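Following: one structure in structure tokens, then a few remarks.
Bear in mind that the values in this text are calculations on the coordinates, not laboratory data. Everything numeric in this text was worked out from a predicted model, so none of it was measured. Don't worry about glycine lacking a Cβ; one is built from the backbone with ideal geometry, like all the others, and counts go over all protein chains shown.
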Amino acid sequence: MNPTTLLALIGLSLAAPACQNADAATAKPVRDDATGAPRGSASVVLVVEGMSCASCSIKVRSALKKLDGVSAVRPGDDDKRAIAVDYDPARVSPQAMVEAVEKAGYHARVK
Ligand SMILES: [Cu+2]
């Protein structure tokens, strides 16, 4: 490849919109518990603001999955900002979920 092509490629990658949370795409995928059995006996829908791309969504879901007592994180309803969380109320609260999402850099509220 000639220097002009190389420069064009570099320019292209610099010009590409860089999502500040893009590195979250490498985070481990959100799955059900290793046991496969959801233990949560309650569920809540969170509305998360500020998720601008797929890796934002992954980052938020990862933050929720890390909470002890959260058994599943699923899409909420037709609202793209909605995330449904199955959880054990004895171990985690919706407030703790909101805080985890805020800590990840997004704004959340219980729907
Ligand atoms: Cu993003």
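Mean separation of Cα pairs under 8 Å and 6 or more residues apart, divided by the residue count, gives segment 39-111 a relative contact order of 45 percent.
Remark: segment 78-93, residue by residue, has Karplus-estimated 3J(HN,Hα) of 5, 6, 5, 7, 7, 10, 8, 10, 8, 8, 9, x, 6, 10, 8, 10 Hz, where x stands for each Gly or Pro and the curve is 6.51 cos²θ - 1.76 cosθ + 1.60 at θ = phi - 60°.
Footprinting exposure proxy ranking of 58, 83, fewest other C-beta atoms within 10 angstrom first, gives 58, 83. For a straight C-alpha distance cut-off of 18 angstrom, the lysines reachable from residue 80 (same-chain residues fewer than eight places away being disregarded) are 59, 111.
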